[in-house]
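What follows is a single structure, written as structure tokens, with notes after it.
The values are calculated or read from the model by the stated rules, or taken from the named source; none is laboratory data. Please read these numbers as outputs of a predicted model, since none were measured by experiment. Counting neighbours? That spans all protein chains shown, and the Cβs are built from the backbone with ideal geometry, glycine included.
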Amino acid sequence: MKKQMKKTKVFLTIFITLVLTVSIFLFINRDKFAYVGSVDYIEVDCNKKSEILSEVYKSDQKIRREGELIKYAKEDHRNQELVISIIEKCGMPTLNEVTQEQMNAIWLGLQHNAENKYRIKYFPLIEKAVKNGDLSKEQYALMKDRILMHEGKPQIFGSQIKNGKLYDLESPETVDKRRQEMGLEPIEDYLKRFDISYNTTHNIDYK
């Protein structure tokens with residue numbers, strides 16, 4: 001009985017110490033963690049959408065350049081909310097209303113870290129913007145592939161890398177033809193950036 005009580009006491013001591021250690025760690029690093037929650041619509045002034053989108057673009061690029069996605073999670077989330085709110089309240093912008101950089105901000109807000117349901121919802125608008133020349137075919141291809149990846153389906157254009165590997169690719173033997181139509185470089189050249197080789201039989205070799 002005494003031995004059992006002693007074991008229980010030791011266990012409780014270890015458990016309490018572990019909890020305290022984790023709590024202290026989380027408190028010290030509290031600014032590095034962020035619960036961003038669901039996407040909410042924000043009240044936006046449509047007359048200022050150009051300025052808002054310029055700020056979204058600058059913020060998005062700063063976050064990717066510095067590579068600290070956890071640190072800027074709330075800011076990233078805010079950018080997505082702004083983009084979605086502009087689309088909902090003001091409609092999808094065109095190059096007659098905003099600059100190319102500001103149009104790109106719309107695409108970035110949906111492509112980067114947004115829930116896939118929002119990409120799917122607004123993808124027809126992205127597709128229309130591409131057809132109108134407001135966004136590029138390359139942007140269409142990258143978003144289409146990302147949507148498919150998050151749906152667990154093979155990608156079409158070979159733009160998505162997951163866990164250091166090329167994500168599943170549909171009909172790899174004709175991927176370069178599809179990429180060329182979207183203004184993308186050959187997949188072999190693209191994958192070299194990620195230290196992934198693509199041989200002549202279209203098999204993937206990971207270094």
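Remarks
- Applying the condition of being of a type in the set (Val, Ile, Thr) and touching a helix residue (DSSP H, G or I) at 6+ places or on another chain (Cβ under 7 Å) to the stretch 60-98 and asking which residue is farthest from LYS128 (Cα to Cα) yields ILE70.
- Residue match in the stretch 48-69 (condition: among the aliphatic types (A, V, I, L, M), in contact (Cβ under 8 Å) with a residue 40 or more places away in the chain, under 20 Å from HIS150 (Cα atoms) and buried (at least 16 other Cβ atoms within 10 Å of the Cβ)): no
Here's the yes/no breakdown for (1) free of Cβ contacts under 8 Å to residues at least 12 places away in the same chain; (2) not acidic (Asp, Glu):
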{"site": "LYS121", "(1), (2)": "yes, yes"}
{"site": "HIS150", "(1), (2)": "no, yes"}
{"site": "ILE161", "(1), (2)": "no, yes"}
{"site": "LYS165", "(1), (2)": "no, yes"}
{"site": "GLU173", "(1), (2)": "no, no"}
{"site": "GLU181", "(1), (2)": "no, no"}
{"site": "LEU184", "(1), (2)": "no, yes"}
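- Among the candidates LEU69, LEU53, residue that is at pLDDT 95 or above and either among the charged types (D, E, K, R) or not assigned by TED's automatic domain parsing to the domain that holds MET143 (or both): LEU53
- The residues of the stretch 149-175 that are under 16 Å from TYR122 (Cβ atoms) and either more than 13 Å from the chain's Cα centre (by Cα) or outside the structural domain of ARG193 (by TED's automatic domain parsing) (or both) amount to a single one, GLU151.
- Unmet requirement for GLY158, which otherwise passes all of (1) surrounded by 20 or more Cβ atoms within 10 Å (Cβ to Cβ); (2) touching a Gly at 6+ places or on another chain (Cβ under 6 Å): (2)
- Taking the numbered list (1) in contact with a strand residue (DSSP E or B) (Cβ under 7 Å, 6 or more places away or on another chain); (2) at pLDDT 95 or above in turn, LYS165 passes all entries but (2).
- Residue match in the stretch 135-145 (condition: exposed (fewer than 14 other Cβ atoms within 10 Å of the Cβ), polar (S, T, N, Q), modelled with pLDDT of 95 or more and in a loop (DSSP other than H, G, I, E, B)): no
- Residues of the stretch 86-102 satisfying the condition of being within 14 Å of PHE123 (Cα to Cα) and either at pLDDT below 95 or in a helix (DSSP H, G or I) (or both): ILE87, GLU88
- The condition (being touching a Gly at 6+ places or on another chain (Cβ under 9 Å) and either assigned to a loop (DSSP other than H, G, I, E, B) or among the small types (Gly, Ala, Ser) (or both)) is satisfied by just one residue among LEU184, LEU191: LEU184.
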